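Please read the structure below before turning to the comments.
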Amino acid sequence: MIYFDNSATTKAHKDIIDTFVLVNEKYWANPASIHEFGHQTNELLQTARTQVADVIKTAKEKVYFTSGGTESNNLAIFGLANKYKHRGNHVLISAIEHPSVLESAKELQLQGFNVEFIPVNKEGFISLDSIQSLLRPDTVLVSVMHVNNETGAIQPINEIATLIKSKSRAVFHMDAVQSFGKLVVNFEEQQVDAITISSHKIHGLKGSGVLVLKGSTEITPILYGGGQEFGVRSGTTSVPLAVCTAKTIRLANSNLEKNSMIMKSMTDDIVTFLQTFSSIKIISPEIRAPHIVSFSVRGVKGEVFINGLQKEDVIVSTSSACSSKQTKTSHVLKAMHLEDDYIKGVIRLSFSHLNSEEEVQQFKKIFTKVMNVIKGD
Ligand SMILES: Cc1ncc(COP(=O)(O)O)c(C=O)c1O
């Protein structure tokens with residue numbers, strides 16, 4: 001099988017699975033228990049927290065282990081808007097956010113916040129001008145994703161952050177689910193206040209991730225109970241998942257440059273190949289993450305290609321895993337005003353450093369064959 005759907009999920013590293021089994025076998029106490037076994041388990045949890053904090057350059061008290069990207073995004077949107085509502089009730093969200101941000105923001109709207117959506121241009125980039133004109137003295141929260149999961153577009157996060165900080169008192173949340181481990185980031189300098197990371201997108205385990213706050217940023221919980229995770233996320237913390245998340249984050253971060261070069265070389269090659277077909281439009285912009293290539297075949301539905309490729313054991317997806325099972329058109333492509341001829345035919349190839357050059361060459365052959373059958377040329 002050739003698996004080019006790594007933005008939907010990645011295969012967990014064997015090392016990470018082994019760690020999960022080991023921690024479950026040896027340190028299965030409740031980390032909040034006051035006996036020695038609980039204490040030892042808690043030490044492991046705190047080490048994992050410190051490891052994540054060291055990568056993101058923040059205090060360990062600002063690292064909250066969650067069930068993944070969706071929960072971290074929900075926590076960020078509700079928790080930050082509510083924490084700072086004494087400053088105002090205006091919230092800005094980009095129009096191309098993942099549903100876990102978008103739907104949370106729509107819910108905030110129902111709760112009385114004034115939510116506005118930042119538009120994007122045809123290439124899927126947010127313009128600094130539109131943020132500048134939307135920012136207000138009562139803006140409490142801005143949330144913009146680093147890399148879009150459907151197109152790979154990299155948003156100008158540092159410029160956006162500088163603008164927000166110079167024009168308002170808003171806190172800035174960044175969904176880094178598709179960028180962490182793919183793009184080099186100087187976390188020390190980056191003026192982002194809250195960051196979402198999901199483990200299963202970087203060869204970790206599904207159902208785990210973190211929300212990390214920077215500096216003096218604070219947050220209101222969305223889950224109440226025993227007050228675990230510094231009162232921010234109640235519920236017995238899964239130490240095995242936390243340890244694996246820390247290990248996944250460290251691995252992704254330390255191999256970042258090497259891995260992203262491997263992915264970039266594969267996606268560059270694929271883009272050059274796809275450009276030889278006159279009916280294909282590359283949707284991913286030039287400033288894109290190294291692992292995503294999204295394109296559309298004029299007049300052909302994405303599902304037709306996915307099924308054709310699947311018969312040849314090649315796994316790809318439509319624009320995103322979330323929208324691929326739904327018949328409705330992607331909100332990202334709509335926000336980019338993609339032409340009708342192309343909007344239903346978007347296919348996303350997403351790579352991991354574990355993919356190989358041979359797979360890319362094999363893909364080209366299979367794709368040409370499928371294209372000939374489907375287009376009949
Ligand atoms: C940009 C982005 N944010 C958030 C998520 C949700 O992450 P999780 O699957 O860990 O809930 C995804 C998953 O596809 C994503 O691509």
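Taken over region 289-314, the residue count meeting the criterion of being open to solvent by 40 Å² or more (accessible area, probe 1.4 Å) and not in a helix (DSSP H, G or I) is 5.
Candidates are the residues of region 71-92 that are in contact with a Gly (Cβ under 9 Å, 6 or more places away or on another chain) and within 16 Å of the ligand (Cβ to nearest atom); the one that is nearest to THR196 (Cα to Cα) is SER72. Checked against (1) closer than 24 Å to ASP18 by Cα; (2) open to solvent by less than 20 Å² (accessible area, probe 1.4 Å); (3) β-branched (Val, Ile, Thr), VAL232 passes all but condition (1).
Screening the candidates SER317, SER254, SER238, SER284 for the property of being out of contact with any helix residue (DSSP H, G or I) (no Cβ under 8 Å at 6 or more places or on another chain) and within 16 Å of the ligand (Cβ to nearest atom) yields one hit, SER238. Assessment of region 249-262 against the conditions (in contact with a Pro (Cβ under 7 Å, 6 or more places away or on another chain) and outside the structural domain of MET145 (by TED's automatic domain parsing)) yields at least one matching residue. Please find, within region 204-228, the residue that is surrounded by the fewest Cβ atoms within 10 Å (Cβ to Cβ) out of those that are away from the ligand (no atom under 15 Å from the Cβ) and under 24 Å from GLY181 (Cα atoms). It comes out as GLY215. The single condition among (1) modelled with pLDDT of 90 or more; (2) farther than 14 Å from LYS281 by Cα that THR329 does not meet is (1). Of all residues in region 1-50, those that are within 30 Å of THR318 (Cα to Cα), surrounded by fewer than 17 Cβ atoms within 10 Å (Cβ to Cβ), of a type outside the set (A, V, I, L, M) and away from the ligand (no atom under 16 Å from the Cβ) total 1. Pairing each residue of region 160-178 that is basic (Lys, Arg) with any residue that is assigned to a helix (DSSP H, G or I), provided the two are 6+ apart or on different chains, yields C-beta distances under 9 Å for LYS167/ILE131; LYS167/GLN132; ARG169/ARG87. Considering the conditions (1) touching a Lys or Arg at 6+ places or on another chain (Cβ under 8 Å); (2) under 16 Å from GLN191 (Cβ atoms); (3) open to solvent by 40 Å² or more (accessible area, probe 1.4 Å), LEU135 is excluded by exactly one of them, (3).
The values are calculated or read from the model by the stated rules, or taken from the named source; none is laboratory data. All values derive from a computational prediction rather than experimental measurement. Using ideal geometry, Cβ is built from the backbone for each residue, glycine included, and neighbour counts are taken over all protein chains shown. For the accessible areas, the whole protein counts, side chains as well, though only heavy atoms, and no ligand, DNA or RNA atoms are used. Shrake-Rupley method; radii C 1.70, N 1.55, O 1.52, S 1.80 Å.
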